[in-house]
Structure formats: C-alpha cells, structure tokens
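The values are calculated or read from the model by the stated rules, or taken from the named source; none is laboratory data. Worth saying up front: this structure is predicted, and the values here are computed from it rather than measured. Reconstructed Cβ throughout: ideal geometry from the backbone, glycine too, with neighbour counts over all protein chains shown. To get the accessible areas, we keep the full protein, side chains included, count just its heavy atoms, and leave off ligands, DNA and RNA. Shrake-Rupley method; radii C 1.70, N 1.55, O 1.52, S 1.80 Å.
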Amino acid sequence: MSIINKELTEALRTHISGQRETMRSQLSDLVAFPSVHGTEETKQACIDAAAAVTDMFADLGIELTSHQTIDGSITLSGFVPGSSESAKTVLLYSHYDVQPEGDASAWTASPWQLDERDGRWYGRGTADCKGNVVMHLAALRALRDDAIAGQVDMPNIKLIVEGSEERGSAGLNKLIETNPELFQADVILIADVGNAEVGQPTLVTTLRGTADIEVRVDALQQPVHSGMFGGAAPDALAALIRMLDSLRDEAGHTTIDGLDCSQHWEGLDYEEATFRGDAGVLDGVDLLSDADNSVADLTWARPAVIVTGIDCPPATNAVNAIPATATAHINFRIPGGVDPAEAQDALEAHLRAHAPWNVKLTIKRDELANPFRANVEGDVVKLVSDSLAAAYGKETASMGEGASIPLCATLLEAVPGADIALYGVEEPQCRIHSADESVDPNEIRDIAIGEAVFLSSVNSL
C-alpha cells in the first residue's frame, strides 16, 4: 500500500508547475557565472556563484554556511529542522561548479547566457548541475509554502552544494573527514545524474569509478630527419599508437591483460538506435556493440579505456621529423565489483608489456575513484522510486551510468547506515560537458515534484 498522499502530490504539482519563471530566472542567474573551479581567471566567478546560491536559499529562509576547502573551493552547507524530534534526516546534494566552455565557436549562443530554443534552456551548467540546484529550490519552496507546509510532516533536511565536483571533489572529501556531522543522515539524495530519456523517471543504481593513467613514450634524444633516419629509428608516436591499439580487440572492445572485461549488464537495456542518437554517431559508422556485447554491457558493466588526449607533433605545419616523444592520457572507467587500484595496476602492466622496441615509458597515475552500487532493495529507495513515478505518471526505471561521482563511494563509507539514491534533471539530449549543453525545463519541474513528494512522505516509513 502506497504511503504517498495523492491530494498533497497534486498540490505540490500545481505549486511547482507555477514556478517556471522563477526557475528560469534563477537558472539564468547561475548560468551567468563561469564557475569553473581551479583557474585563476574564474576564481571570482566561483565565489560569486556560491554567494548567489546562498542568496537564493536565504530567500526561502534557509541559511547556508560557507566552508573554504583545501582545494580552494567553497562548499555550502545548511540545515532545516524537521517537524518533530523523531523526524528522519535527509541530505540533499548538488554542485554549482561547471565544466569549461570548451570551443566557444561550437556553441550556438553564449555558454554563459541562458538561451531558450525549441522548449529547452541552453547554457553551461543548465543540466550539470545548476539545474539540480534550482530543482532543490523549487521542491523546498513548495514544501515551505503556507498552504502546503501545514499538511507535511517534514524530515530534517541537510543541504550540501559543492564547488569542485568537476575537479574531483578533493575539498569536499576533506570536509567529510573533518566535519562528518554535516553529512550524517538517514537518507542521501544525490541530484547529479538523470533520466534514461526525457519524461522517463529513472534511478541510477551504479556508477563506474576511474583509474586514469598518463603514459609518456621517449625514443630519441630529439626529433630527427625522417628522410635520413626513417625506417630504422624508433618512432615514439608509432610506439604509442601500437600500445594504445593493444588495449582493444578486433571488435574494438576493451581488453587488458589479467583484467576481466566480459561482464554483462542485468537491467534496463540501452537500445542501439537510442544510443546512436544520444551519442551523435554519424550515419554509416558502426557501434562497438553486437549480439553478445550490448550497449549496456559496454557502457555500464565493463571496464572501458578512452584515450582523451595525445601530445605529439601537430599535423598542421608538420615538420618531416621522427617524433622523439609522445604522451597520451587514458581515461579508465571501472565498473562496480572491480577494484580501481588493481585495475590501474593491470593497465600499467599491460602498457609496459606491450611497449615495442624497448622505448622508455613514464607513467603517471591519477587519483582513484571508486565505483558505486546502490542498495535498491530498501524501503527508502523504493519510496524515492514511487515518488518519481507519482510525479511523472509512469513507472520509474533503473539504469547504470558510465560516469563517475567519487562522492557516492566516499559517502557510502562515511555514512554506512544511510540509504543513497541518485537522480536528477539530466537526460541524453542535455549534452553535458559539450557545446550547447541544455536542459528540458519540464525535467526540472517533474524531478522537483518527485523530490517534494518524497520529502513529504519519508517520515511515514
């Protein structure tokens, strides 16, 4: 029997649906800050974005405290007492920092100005993750409205709005260590992911970790004339290409010596046609999936090697010389059930074993991020699922996500008794981390309704 109050759900739907212009205005204000953590040029924008978020919550009567963290970012925390001493405590998480704009010429309009086109709101951070900040505000605004507040048995609410998620959350991780009381909760709701598609409520149940490596190949003291020495001299770039090619089999699937890369995904499938459209695969270009290796297997269940950058002589104005050195950054995604440290060990050992001609290797290891698996059997997570279903009017799906949110595993360790659920306003059309990032405003509305329904119901468990 559902504990969700249908009449209250409709009151919340009406209230939040009426907030569209407020949500647009707040998101427009936040998008205007190029709050990219870690650069001197955007330092003030991060400070200003944190202040703007603080002011928006203050308008609801919610005071946020600023914490200057070890990585130079500002994390905001807040607490709203519940209706009774026995109330459960729910932590709401999101972040206000964003990815850089990238190639500005690839954007249809300025990335730092909200632009509405074809019913979507465009701009950096609209989906990842300022849209989720606005979503939290919309849910809480409805619950604190005089006409609704008297009907609700509210839990205690803790708020965390982070300022360096896109750069690894080092500051927040330290804050969890030094101020654990800020994070103690019965339920942790992480709004930094999203739905399988527009209009399909979705809980993300798994996230991959990361075990990145940078590999540098040195073969010569300096570049030498390709005519005089080509054919016998070792080519650093050619050596690197061979090493990188060894990380995939003939079908293109990741294969690393000593590491299981054959896992299968059990759950919601990711249809090939949908994936092609979501990923923007060009007509006539094949996917790497096949009858025995589905898109979901390759994207959510298995280790995946992605070469995200190579330093070598550029093709533009190329000089006829043999490259002496070449470097690649390997983004290594790790599924649940695989230890990131062991995977990183295996990747380094594989690269060393497949380096040709005894070229010299220098390997730098990035910090590890653990994968995450949610407990989907508990009453709390089921209530989150039911709350989202009530908001959307259709059953909530569950899926994995190939991305990484290191915070999830950190919180799982720091608050072992908490139920953790992941959802948010994103969906594949959002193109997060790319040019023309956007959000469907209806997703902000409906996720906010679902969150408000959950917060109004959780004390009944």
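Structure above, values below:
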item: Elements of type strands (runs of 3 or more DSSP E) contained in the stretch 66-123, each with 2 or more residues being among the hydroxyl-bearing types (Ser, Thr, Tyr) and touching a residue at least 60 places away in the same chain (Cβ under 8 Å); result: 74-80, 89-95
item: Meets criteria (in contact with a Leu (Cβ under 9 Å, 6 or more places away or on another chain) and over 20 Å from ALA418 (Cβ atoms)) for ASP59; result: yes
item: When residues of the stretch 251-303 are limited to those that are among the acidic types (Asp, Glu) and assigned to a helix (DSSP H, G or I), the one modelled with the lowest pLDDT; result: ASP278
item: Selection count where residues are out of contact with any Ser or Thr (no Cβ under 7 Å at 6 or more places or on another chain) and either in a helix (DSSP H, G or I) or aliphatic (A, V, I, L, M) (or both), scope the stretch 16-34; result: 13
item: Residue match in the stretch 68-78 (condition: closer than 17 Å to LEU137 by Cβ and under 21 Å from the mean Cα position of the chain (by Cα)); result: yes
item: Subset of the stretch 193-214 that is surrounded by fewer than 24 Cβ atoms within 10 Å (Cβ to Cβ) and of a type outside the set (A, V, I, L, M, F, W, C) - its residue that is farthest from ALA296 (Cα to Cα); result: GLU214
item: Residue count, the stretch 177-209 (criterion: modelled with pLDDT under 95 and touching a Lys or Arg at 6+ places or on another chain (Cβ under 6 Å)); result: 2
item: Residue match in the stretch 133-141 (condition: within 17 Å of ALA11 (Cα to Cα) and small (Gly, Ala, Ser)); result: yes
item: Unmet criterion (only one of (1) modelled with pLDDT of 95 or more; (2) touching a helix residue (DSSP H, G or I) at 6+ places or on another chain (Cβ under 9 Å); (3) open to solvent by 30 Å² or more (accessible area, probe 1.4 Å)) for LEU64; result: (3)
item: Output for the stretch 224-269, where each listed residue is on the phi > 0 side of the Ramachandran plot and open to solvent by 70 Å² or more (accessible area, probe 1.4 Å); result: GLY231, GLY258
item: Flag for ILE157 being under 20 Å from the mean Cα position of the chain (by Cα) and of a type in the set (A, V, I, L, M, F, W, C); result: no
item: Scan of the stretch 286-316 for residues that are free of Cβ contacts under 8 Å to residues at least 40 places away in the same chain and open to solvent by 70 Å² or more (accessible area, probe 1.4 Å), ordered by number; result: ASP286, LEU288, ALA291, ASP292, THR308, ASP311, PRO314, ALA315, THR316
item: Flag if THR75 is among the hydroxyl-bearing types (Ser, Thr, Tyr) and touching a Leu at 6+ places or on another chain (Cβ under 7 Å); result: yes
item: Of all residues in the stretch 79-114 being open to solvent by less than 30 Å² (accessible area, probe 1.4 Å) and of a type in the set (Gly, Ala, Ser), the one that is nearest to the chain's Cα centre (by Cα); result: SER94
item: Complete set of residues in the stretch 278-332 that are in contact with a Gly (Cβ under 6 Å, 6 or more places away or on another chain) and closer than 20 Å to LEU268 by Cβ; result: LEU288, THR299, TRP300
item: Selection within the stretch 403-426 - in contact with a Ser or Thr (Cβ under 8 Å, 6 or more places away or on another chain) and open to solvent by 10 Å² or more (accessible area, probe 1.4 Å); result: SER404, PRO406, THR410
item: Residue check for ARG24: in contact (Cβ under 8 Å) with a residue 40 or more places away in the chain, open to solvent by 70 Å² or more (accessible area, probe 1.4 Å) and of a type in the set (Lys, Arg); result: no
item: Number of the condition not met by ILE322 [criteria: (1) touching a His at 6+ places or on another chain (Cβ under 9 Å); (2) buried (at least 19 other Cβ atoms within 10 Å of the Cβ); (3) farther than 27 Å from VAL224 by Cβ]; result: (3)
item: Qualifying residue in the stretch 120-140 (condition: at pLDDT 95 or above and surrounded by fewer than 19 Cβ atoms within 10 Å (Cβ to Cβ)); result: no
item: Given (1) of a type in the set (Gly, Ala, Ser); (2) more than 27 Å from ILE3 (Cα to Cα); (3) open to solvent by 50 Å² or more (accessible area, probe 1.4 Å), index of the condition ALA147 fails; result: (2)
item: Candidate set from the stretch 154-176 (those that are at pLDDT 95 or above, open to solvent by 20 Å² or more (accessible area, probe 1.4 Å) and touching a helix residue (DSSP H, G or I) at 6+ places or on another chain (Cβ under 8 Å)); member that is nearest to VAL133 (Cα to Cα); result: LYS158
item: Test: residue in the stretch 344-357 that is open to solvent by 20 Å² or more (accessible area, probe 1.4 Å) and either modelled with pLDDT under 95 or over 19 Å from ASP257 (Cα atoms) (or both); result: yes
